[in-house]
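Read the structure below first, then the notes.
The values are calculated or read from the model by the stated rules, or taken from the named source; none is laboratory data. Since we're looking at a predicted model, the values are computed, not measured. So basically every Cβ, Gly included, is an ideal-geometry build from the backbone, and we count neighbours across all protein chains shown.
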Amino acid sequence: MYMEMIFGSLAGFLGGGAAVYFLQRKRRERELKRLYALAEDILNERRISAADTGQETLYGKAAHRLVRVQEMMQGSRDEARRSRDEIQRLISEIAHQMRTPLTNLETYLGFLRETAKKPGMGEISESVRAAEESAGKLHFLVESFIRMSRLEQHIIQIKKEETDILKTVRNALGQIQCRAEDKELEVSADFPRQVSLAHDANWLGEALFNIFDNAVKYSRNKGAIKVSVTENEMFLKIRVRDYGIGIDAGEECQIFRRFYRGRRVTSQEGFGIGLYLAREIVNMHGGFLAVKRREPGVVMEVDLPVDFS
């Protein structure tokens, strides 16, 4: 009888302990799921609730820490955004302030050029030519900064019109023709008879010019550039294949960053702005710009959405 009481008490104790363990385990699982949901909200930049963070439980303490982590992360993001906006504003302001003195410089260089044409002024003429070349680079850089700032601040609006996109492509190709001829490049084009697409001819033309200019710049003399335009049910694709210096593995995304220049770039001039602007403009058209490595060279592909309306 005594032993039965002992075994009964032990069984009751073990049963109660098992029940408590089971209930605690289920509670911990619920708390872990709630903490997981809070972490997901933080990763997805959704504001998490501060409910239950004051409870003296493990979950309450952990939730409180997560709220603090989110507040710190948000503060860092806000500060980074303010710094970025300030830098953009500063670049834009500097570029605008440089426009007037740069215009004056180009005007006076024009006067000097006329003077340098006189007999015996060969040395001065060469100096004027070098100064004009430097002024031209500075002018390009200033205008690029202004366009970049306007795009990033959404000051410029893309105005799409249903027009012949092949005309836009050909106009951009025409702008690089002289440089391509100087390097004796063979530029071939494979276009359909006619393609119409809603786009901003001026801005998309600038993006395409930057892509074509990049292909010419990094092609070797007597090389080749192939341009093709195709269309499927969803996208119009503009492909530019060059056989130049190419890029290293891992640079496929980096070359579209502001001021980035590839690791293989040596003597080629540039500021690392053209492809950045090109991608921004293509993105504003609802499309995307990507690069694929080839040996030698690269393939640039512009994909623009076909309008079904």
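Looking only at the stretch 183-204, which residues are of a type outside the set (Phe, Trp, Tyr), free of Cβ contacts under 8 Å to residues at least 60 places away in the same chain and part of a loop (DSSP other than H, G, I, E, B)?
Initial filter on the stretch 183-204 (of a type outside the set (Phe, Trp, Tyr)): 183-190, 192-202, 204.
Still in the running and free of Cβ contacts under 8 Å to residues at least 60 places away in the same chain: 183-190, 192-196, 201-202.
Within the stretch 183-204, LYS183, GLU184, LEU185, PRO192, ARG193, GLN194, VAL195 meet the criteria.
Output the residues belonging to the stretch 144-170 that are without any contact (Cβ under 8 Å) to a residue 24 or more places away in the chain and within 23 Å of the chain's Cα centre (by Cα).
Going residue by residue through the stretch 144-170, those that are without any contact (Cβ under 8 Å) to a residue 24 or more places away in the chain are 154-155, 157, 170.
HIS154, ILE155, GLN157 - these are the residues of the stretch 144-170 that are without any contact (Cβ under 8 Å) to a residue 24 or more places away in the chain and within 23 Å of the chain's Cα centre (by Cα).
Residues of the stretch 214-231 being surrounded by fewer than 19 Cβ atoms within 10 Å (Cβ to Cβ) and either in a helix (DSSP H, G or I) or without any contact (Cβ under 8 Å) to a residue 12 or more places away in the chain (or both), which ones?
Selection gives LYS217 alone.
Here's a check for you: in the stretch 150-191, which residue that is touching a His at 6+ places or on another chain (Cβ under 9 Å) and over 16 Å from VAL282 (Cβ atoms) is surrounded by the most Cβ atoms within 10 Å (Cβ to Cβ)? It would help to see each step written out before you state the result.
Filtering the stretch 150-191 for residues touching a His at 6+ places or on another chain (Cβ under 9 Å) gives 158, 160-163, 165, 168.
Those left that are additionally over 16 Å from VAL282 (Cβ atoms): 161-163.
Working: GLU161: 9, GLU162: 10, THR163: 14.
It comes out as THR163.
Suppose the filter is more than 20 Å from the chain's Cα centre (by Cα) and within 28 Å of GLN157 (Cα to Cα); does VAL240 pass it? It would help to see each step written out before you state the result.
Values: more than 20 Å from the chain's Cα centre (by Cα): no; within 28 Å of GLN157 (Cα to Cα): yes.
Taking the combined requirement at face value, the residue does not satisfy it.
A quick yes/no check of all residues on (1) among the small types (Gly, Ala, Ser); (2) assigned to a loop (DSSP other than H, G, I, E, B); (3) assigned by TED's automatic domain parsing to the domain that holds TRP203:
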| residue | (1), (2), (3) |
| --- | --- |
| LEU109 | no, no, no |
| ARG113 | no, no, no |
| LYS118 | no, yes, no |
| GLU133 | no, no, no |
| SER144 | yes, no, no |
| LYS167 | no, no, yes |
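Looking only at the stretch 47-64, count every residue that is over 18 Å from GLN24 (Cα atoms), surrounded by 12 or more Cβ atoms within 10 Å (Cβ to Cβ) and modelled with pLDDT of 70 or more and tell me the total.
Matching residues across the stretch 47-64 total 3.
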